[in-house]
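Let me begin by presenting the structure, written as structure tokens, before commenting on it.
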Amino acid sequence: MPNLDDILEHVGEFDLFQKRAFFLICLLSAAFAPVYIGIVFLGFIPEHRCLNPGIAELSHRCGWSLEEELNYTVPKGEAFTQQCMRYNVDWNATELSCTNPLENLTSHGNGSIPLTTCQDGWIYDASIQSIVNEFNLVCEDSWKLDVFQACVNVGFCLGSVYVGYIADRFGRKTSILITTLITSIAGVLVAVAPNYIWSVIFRFMQGLVGKGSWTAGYILITEIVGASYRRTVAILYQAAFAIGLLILDVLAYAIPHWRWLQLAVTLPTFLLLLYYWCLPESPRWLLSQGQNGKAMEIVEDIAKKNKKVLPAHFESISLEEDNEKDSQLSPSVLDLVRTPQMRKYTFILMYNWFTSAITYQGLIMHVGISGDNVYLDFLYSSIVEFPAAAILIFTTERVGRRYPWAVSHLMAGVACLVAAFTPEDMHWLKIIAASLGRLGITMAFEMVCFVNTELYPTFLRNLGVMVCSSMCDVGGIISPFVVYRLTEIWDQLPLLVFTAVGVIGAGSVLLLPETKGRTLPETIEDVENFHRYHAKQLK
């Protein structure tokens with residue numbers, strides 16, 4: 001009995017029907033970008049300084065310019081101190097001159113002037129309105145910005161299991177519709193949240209289903225194309241995410257208020273609910289549920305839209321026959337670490353998922369706090385995701401997986417190191433280094449996605465990917481704390497962290513076997529006896 005791949009070879013593996021579905025699914029991938037990385041603009045940290053009513057009155061009396069006023073408003077020292085402390089001086093009660101009002105205060109004692117925390121609020125750059133200046137997420141409350149981003153990654157981690165269950169139990173299309181609806185509603189609620197606590201709760205709700213929506217789209221598009229096109233559509237689907245980043249950048253530039261920006265990126269996603277009429281269900285999933293009749297209806301629709309004729313002898317369809325050994329095995333998490341090679345694969349893959357996420361998200365967030373022009377810098381670093389996809393498409397089947405993967409990690413690490421020690425007056429070099437770093441980590445992120453599936457035996461493949469990729473969400477949770485907290489010590493310190501994890505990641509990848517041209521392993525024994533297994537495949 002023929003399987004679906006046999007039939008797709010006759011009715012079209014990637015013709016008009018699949019191309020239309022692919023375009024629609026790519027819109028879903030693009031819409032996920034603001035959910036995943038919207039913190040760059042929603043949580044933009046504007047220039048700010050302590051509000052000091054007393055110095056303002058003295059400035060008015062003395063006729064100071066703003067620059068002269070800031071000389072006495074902002075204490076000399078580290079950037080964090082300048083923004084979060086002020087002189088502990090009673091400007092109204094003390095006899096002060098307009099020439100140098102602090103001169104008498106420094107002439108006594110040790111010459112230092114006591115400082116105090118901001119007690120009257122802050123003055124922000126009024127050109128942009130983010131959650132930072134609306135909820136005063138600075139100084140002692142700056143950690144709340146980290147939580148705002150981390151909560152969506154916590155949602156990703158917790159939601160991945162049950163959303164995956166929905167996709168397997170009720171279908172890919174149903175999963176997309178349900179998660180898209182909840183993500184859109186939660187996005188609107190974030191925009192109208194009355195305070196910080198509710199914004200975190202609604203952001204967490206977005207995370208619970210947002211990643212599941214993107215993943216369901218990834219599964220659906222790879223299940224309706226022919227086998228020879230799956231790797232290409234998988235990479236291009238991830239590249240569509242970069243288009244979403246570019247759209248986010250343009251909207252953020254045009255809409256400098258975080259609530260209106262949130263609505264602008266959320267309201268169009270309700271249109272994705274029209275997929276109820278536009279997208280097919282996965283015929284592979286229908287077959288797995290024993291709904292062969294419905295699966296054949298979709299196949300016939302594919303043939304019709306592709307202007308192909310379904311051969312008469314393809315009157316029925318079945319799933320690919322399961323390996324007899326597979327059917328006798330039941331997956332367990334312990335299988336991932338029970339034997340030496342499986343244990344090595346699992347730990348290396350988990351580390352690389354973690355490294356890819358913490359570096360990818362970290363570099364994007366670092367642009368938001370270190371760039372001269374956050375919109376241009378974000379644009380430059382996002383554009384490089386397109387050549388990343390092209391490089392992978394043309395190299396992975398020619399060169400292999402292992403060396404391009406290691407080089408991409410090494411490129412990201414070295415680029416971060418160069419960016420960290422590039423002088424500020426060579427901003428162009430910083431941009432080039434940051435873009436190369438983003439190029440490298442994007443390639444590494446996409447590589448770990450499909451190499452993970454090639455290393456594990458069939459009966460453990462889904463479980464292995466789910467367990468290893470959970471470290472991606474852990475990296476996403478940690479990344480805002482790495483970026484925002486370490487920046488208070490030195491603004492380039494996060495880049496050194498990314499350098500270290502990238503170089504280690506490059507070395508760890510070289511410990512994995514090459515999977516190019518290798519038949520997928522069926523059992524744990526195949527994995528443990530790789531050299532003999534691979535030699536047998538080459539005969």
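The mean sequence separation of alpha-carbon pairs under 8 Å and at least six residues apart, normalised by the residue count of the chain, gives a relative contact order of 19 percent.
Protection proxy ranking for 147-156, 383-392, using the average of other Cβ atoms within 10 Å per residue and placing the highest first: 147-156, 383-392. For the stretch 392-403, putting each phi into the Karplus relation 6.51 cos²θ - 1.76 cosθ + 1.60 with θ = phi - 60° gives couplings of 5, 4, 8, 10, 5, 8, 9, 8, x, 9, 5, 5 Hz, in residue order, rounded to whole numbers and with x for Gly and Pro. In sequence order, the stretch 374-386 has phi-based couplings of 4, 5, 5, 5, 5, 4, 4, 6, 7, 4, 5, 5, 6 Hz under the Karplus curve 6.51 cos²θ - 1.76 cosθ + 1.60, θ = phi - 60°, and Gly or Pro positions carry x.
When the listed pairs K19/K304; K19/K305; K19/K173; K211/K516; K211/K304 are checked against a 22 Å cut-off, the alpha-carbon distance exceeds it for K211/K516; K211/K304. Spacing of the modelled spin labels on R231 and D5, each 7 Å from Cα toward Cβ, amounts to 1.3 nm.
Between H427 and L496, the simple spin-label model (points 7 angstrom out along Cα→Cβ) gives 2.5 nm. Per-residue ellipticity at 222 nm from helix content only, as computed over the chain with -39500 (n - 2.57) for each DSSP H run of at least four residues, stands at -22000 deg cm²/dmol. Treating r as the C-beta distance of I201 and R169 and R0 as 30 Å, the FRET efficiency rounds to 0.65. The calculated FRET efficiency for I504 paired with S97, based on their beta-carbon distance and R0 = 56 Å, is about 0.45.
Database remark: amide H of D15 closer than 5 angstrom to no amide H (H placed geometrically; neighbours at sequence offset of 5 or more, or on other chains; Pro and chain starts carry no H). Summarising the amide proton neighbourhood of H257: residues at separation of 5 or more, or on other chains, whose placed amide H is nearer than 5 Å comprise Q129.
One quarter of the convex hull surface built on the alpha carbon atoms of the stretch 456-516 amounts to 5.3 nm², the projected area averaged over directions.
Find the accessible area per residue for the stretch 370-476; the probe is 1.4 Å, ligands and nucleic acids are left out, and the unit is Å².
37
Against the main long axis of the alpha-carbon atoms of the chain, helix 143-170 sits at an angle near 10°. Set against the labelled values [x] 28.9; [y] 31.5; [z] 26.5, mean projected area of the Cα convex hull in nm² computed from this structure falls on [x]. A Förster radius of 22 Å combined with the Cβ-Cβ distance from V188 to L251 puts the calculated FRET efficiency at roughly 0.90.
Which trypsin sites (Lys or Arg not before Pro) in the stretch 348-425 sit in a loop by DSSP (not H, G, I, E or B) and have at most 12 other Cβ atoms within 10 Å of their own Cβ? List each step's numbers first, then the result.
Values: sites: R398, R401, R402; in loops: R398, R401.
In loop regions of the stretch 348-425 (DSSP not H, G, I, E or B), the sparsely surrounded trypsin sites (Lys or Arg not before Pro) are R398.
One decimal place: the segment E140-N373 gains 81.3 nm when fully extended, by the rule 0.36 nm per residue minus the C-alpha distance. As a fraction of the 1.4 Å probe accessible area of the chain, surface on carbon and sulfur atoms comes out at 63 percent. At q = 0.09, 0.10, 0.15, 0.17 Å⁻¹ the log10 of I(q)/I(0) for the stretch 162-275 amounts to -0.28, -0.34, -0.74, -0.91, computed by Debye summation with a single uniform scatterer per C-alpha, solvent ignored.
About its Cα centre, the chain has a charge dipole of approximately 1440 debye under the convention of +1 per Lys or Arg Cβ and -1 per Asp or Glu Cβ, with nothing else charged. Database remark: amide H of T523 closer than 5 angstrom to the amide H of T458 (H placed geometrically; neighbours at sequence offset of 5 or more, or on other chains; Pro and chain starts carry no H). Relative to the longest principal axis of the Cα atoms of the chain, helix 292-305 runs at roughly 80 degrees. Label-to-label distance for Y403 and E488 is 4.6 nm, based on points extended 7 Å past Cα in the beta-carbon direction. Solvent exposure of the stretch 132-280, expressed per residue, is 39 Å² of accessible area, with all protein chains present and a 1.4 angstrom probe.
The values are calculated or read from the model by the stated rules, or taken from the named source; none is laboratory data. All figures in this text were calculated on a predicted structure; none of them were measured in a lab. For neighbour counting, all protein chains shown are included, and Cβ atoms are generated from backbone atoms with ideal geometry for every residue, glycine included. Note: accessible area is taken over every heavy atom of the protein model, side chains too, but ligands, DNA and RNA are not part of it. Shrake-Rupley method; radii C 1.70, N 1.55, O 1.52, S 1.80 Å.
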